[in-house]
Amino acid sequence: MPIIEAKDLSKVFGKNSKQALKLLDEGLTKEDILKETGSTVGVNRASFAVEPGEIFVIMGLSGSGKSTLVRLINRLIEPTEGSILVDGQDLARMDKKQLRQIRREKLSMVFQRFALFPNRTVLQNAEYGLEIQDVPKEERSKKAKEALEMVGLGGYLDQKPDQLSGGMQQRVGLARALANDPEVLLMDEAFSALDPLIRKDMQDELIDLQSTMKKTIIFITHDLDEALRIGDRIALMKDGSVVQIGTPEEILVNPANDYVEKFVEDVDRSKILTAGHIMKRPETVNIEKHGPRVALERMREEGLSSILVVDAKRNLKGYVTADDASEAKKKDVRDLHEILRTDITKVEKDTAMHDIFTIINGSPIPVAVVENERLVGIIVRGAVIAALAGDSEVNIENV
Amino acid sequence: MFNTLKEWFTEGIPLAEGTEAFVDWVKETFSFIFNPIKEHFGTFMEWVSEDILMVIPPFILILVLAIIAFFVSGKRWGITAFTLIGLWLIHNQGYWEQLMSTITLVLLASILSVIIGVPIGILMSKSKTAEAIIKPILDFMQTMPAFVYLIPAVAFFGIGMVPGVFASLIFATPPTVRFTNLGIRQVSKELVEASEAFGSTGAQKLFKVELPMAKATIMAGINQTIMLSLSMVVIASMIGAPGLGREVLSSLQRSNVGTGFVAGIGIVILAIIMDRITQSMNSKQNN
């Protein structure tokens with residue numbers, strides 16, 4: 001069962017919200033509705049389900065409604081319509097007391113500008129969520145300290161937030177959210193205010209924390225690179241609507257519409273695509289069955305100057321060149337072992353493409369793609385360049 | 001009905017008469033409130049000034065106030081020396097009793113202003129309707145010439161310290177209300193969201209986040225309130241409030257420049273001490 005599920009969640013800011021929703025149904029755009037009713041559509045019928053333990057990224061440009069959407073999930077903003085199910089309970093129908101209970105126990109939030117309380121020390125900040133639940137002093141300071149240890153700030157307990165750097169402040173924000181031991185972390189552009197190097201560190205740490213703590217994370221960002229880096233699944237938003245939900249690969253390789261495609265164009269594809277995406281089915285000869293004659297024949301058929309050699313289990317042995325094969329044929333050599341060359345370049349299937357790029361530049365023959373020593377494909381130079389150029393012919397069936 | 005309207009046009013709307021009737025009505029109807037306040041609060045204020053402040057030997061009190069100034073200002077010698085010399089000068093000029101009356105008046109008026117003003121400010125910050133209603137009332141209170149409140153003050157509370165405090169309250173409470181409202185509204189939206197997102201109740205949000213964040217602004221308002229109630233000292237003396245103000249007033253009536261100046265200096269010294277102390281309380285929190 002999903003831990004968070006949004007069903008037709010909508011938010012219209014302004015007075016004529018019902019009318020605005022009706023006009024949305026009739027297919028009017030956000031701008032038209034603003035002109036007609038004076039209301040702004042924040043989120044338009046967003047539906048998605050977040051499974052326990054996944055990092056679900058909601059991404060979109062500014063004004064796409066992503067920050068509104070995350071605030072609808074913990075009802076910092078009242079939804080106009082639709083429901084938010086947390087563990088199957090509808091948050092939108094709860095009274096204040098039940099809502100507080102859910103916020104205290106299940107949902108914690110990390111903010112873009114950290115939102116630390118400047119009059120409290122680091123420890124007191126991390127304690128806040130427990131303090132308002134009247135957790136006894138000792139217990140809450142123990143839990144808060146644990147959370148601060150976890151983010152690497154165990155030595156800064158008595159500092160005030162403004163004495164810390166941005167990255168450290170956001171760690172405090174993260175510790176404050178973790179101290180409650182929530183089921184779901186809502187992170188609203190949590191790393192956007194940090195400089196790029198620190199942001200990358202924080203992303204790595206978040207992934208580490210996630211793998212040890214198994215929390216569900218809903219992460220808001222406007223940065224597609226960040227989304228692709230940390231997201232198990234990504235929901236792309238535009239004008240308040242969710243336009244595509246999928247794994248990073250699905251979104252990159254199969255953009256649902258022009259908008260997504262445009263978005264994806266700017267991404268450095270070399271960081272995302274792997275050997276598996278761009279490899280082709282290899283032509284091979286079996287060293288146990290075939291001799292130079294068959295090898296030469298296959299190369300002629302396919303117009304190749306070399307061919308990969310495998311054994312019966314498709315373990316990669318090496319390659320033979322056309323020149324060697326015709327020499328051997330003249331000398332009537334029957335065994336491919338005699339002419340087998342083993343100086344072949346191998347990459348694993350999940351090697352990132354920008355690594356392959358440097359490898360293939362120094363290699364005269366196609367690069368072999370292996371998975372546990374078993375040959376699964378080859379990469380020719382043209383395919384790498386085509387993929388970097390955003391060629392949609394990239395073969396995802398291989399993934 | 002029509003005749004009344006016609007009369008209003010020809011003879012003028014009887015605003016003055018109406019106000020008088022209203023004040024009389026209030027006085028009669030609420031005398032069960034005003035009379036005990038007049039009696040008990042008056043007695044209480046006399047007790048504070050005559051049986052506490054004036055019983056303490058002046059030099060001990062001067063020393064105590066200087067020490068308070070020293071610690072509250074964050075161990076600054078300037079204000080400490082000023083308190084010591086300034087208060088000594090007032091005593092030296094023979095205005096000690098008047099000073100004690102003035103301090104009682106100003107302190108009680110300020111404390112009451114804060115007790116009344118801060119909650120009203122909080123209410124304003126929480127409700128747009130309350131803000132829309134209260135704001136014009138504050139404007140009215142601050143722009144109406146201070147002498148005008150003296151009339152109902154006397155009507156309700158007779159003469160003496162109590163109507164003086166009442167007039168000061170009306171004149172001096174608005175800054176505390178306004179600054180409290182402003183301070184809370186200025187608390188960053190993310191901080192308020194953070195406190196809500198963790199499941200704070202309204203009261204927890206107010207006391208753990210909003211008021212601590214707004215403290216500096218509220219303190220600036222309280223400082224203004226104290227200064228305004230000091231400026232009411234002379235005006236309040238016109239309805240019999242004792243203290244330095246009364247000396248200024250009687251010097252004016254006798255056209256006696258010297259005593260008027262000395263009593264005036266006494267008020268200035270008190271103002272500077274109170275201002276510096278409340279301001280440094282504020283800046284200390286900011287650091």
Check your understanding: Given segment A:275-398, what percent of its DSSP beta bridges are antiparallel, to the nearest 5?
Key -> 70 percent
**Study point:** Candidate lysines for bridging to A:LYS30, where Cα separation is under 25 Å - those fewer than 8 sequence places away on the same chain excluded
**Key:** A:LYS7, A:LYS11, A:LYS15, A:LYS18, A:LYS22, A:LYS66, A:LYS238, A:LYS262
**Study point:** C-alpha center-to-center spacing [segment B:1-37, segment A:31-68] in angstrom
**Key:** 58 Å
Revision key, fill the gap. Using alpha-carbon coordinates alone, the radius of gyration and Dmax of segment B:1-100 in Å work out to 25.2, 72
Practice item. Between the alpha-carbon centers of segment A:158-193 and segment A:274-301, tell me the distance in whole angstrom. Key: 54 Å
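When Rg is the radius of gyration of the Cα atoms in chain A and Rh is its Kirkwood radius, what does Rg/Rh come to?
Working: Rg = 27.6 Å, Rh = 24.5 Å.
We get a ratio of 1.13 for chain A.
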Check your understanding: Per residue of B:203-215, how many C-beta atoms from partner chains lie within 10 Å of its own C-beta, taken as a mean?
Key -> 2
Practice item. Binning at 5 Å from 0, report for segment A:275-398 what percent of all alpha-carbon pair distances ends up in each bin. Key: 2, 12, 22, 22, 18, 12, 8, 3, 1, 0
Check your understanding: Assuming a viscosity of 1.002 mPa s and a temperature of 20 °C, what translational diffusion coefficient in µm² per second does Stokes-Einstein assign to segment A:128-221, Rh being the Kirkwood radius over Cα pairs?
Key -> 155 µm²/s
Review point. So what's segment B:22-286 giving for Rg/Rh, alpha carbon basis, Kirkwood Rh from the mean inverse pair distance?
Key: 1.01
Review point. Taking the alpha-carbon centroid of each part, what is the distance from segment B:173-242 to segment A:120-141 in angstrom?
Key: 26 Å
Check your understanding: How far apart, in nm, are the 7 Å Cα→Cβ label points at B:ALA21 and A:ASP332?
Key -> 13.9 nm
Check your understanding: How far apart, in nm, are two points set 7 Å out from the Cα along the Cα-to-Cβ line at B:ALA216 and at A:SER165?
Key -> 2.5 nm
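Report the longest stretch of chain A that contains none of the GluC sites (Glu not before Pro) sitting in a DSSP loop with at most 13 other Cβ atoms within 10 Å. Intermediate results must be reported in sequence, preceding the final value.
On the way: sites that count: A:GLU26, A:GLU288, A:GLU373, A:GLU393.
Value returned for the longest uninterrupted segment is A:27-287.
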Check your understanding: Direction-averaged shadow area of the convex hull around the Cα atoms of segment A:7-71, nm²?
Key -> 4.8 nm²
**Study point:** Pairwise Lys count, segment A:275-398 - Cα closer than 23 Å, eight or more residues apart or different chains
**Key:** 15
Revision key, fill the gap. Ranked on Cβ counts within 10 Å of their own Cβ, fewest leading, A:LEU91, B:LEU138 go B:LEU138, A:LEU91
Check your understanding: Which whole number gives the average, over all residues in A:128-135, of C-beta atoms from other chains lying within 10 Å of the residue C-beta?
Key -> 4
Point to revise | Neighbouring partner chain Cβ atoms per residue of A:117-123, average, 10 Å criterion | key: 3
Check your understanding: Lysine pairs in segment B:22-286 with alpha-carbon atoms under 28 Å apart, 8 or more places apart or on different chains: how many are there?
Key -> 26
Revision key, fill the gap. Binned at 20 Å starting from 0, the alpha-carbon pair-distance distribution of the protein assembly as shown in whole percents comes out as 14, 30, 26, 18, 8, 4, 1
Point to revise | Estimated FRET transfer efficiency (A:ARG300, A:ASP181; beta-carbon r; R0 60 Å; 0.05) | key: 0.35
Point to revise | Order of A:VAL367, B:VAL165 under a 10 Å beta carbon neighbour criterion, fewest first | key: A:VAL367, B:VAL165
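Readers should treat all values here as calculations from the given coordinates under stated rules, not as data from a laboratory. Because the structure is a prediction, the values reported are computed rather than measured. As a convention, Cβ positions derive from the backbone with ideal geometry for all residues, glycine included, and neighbour counts pool all protein chains shown.
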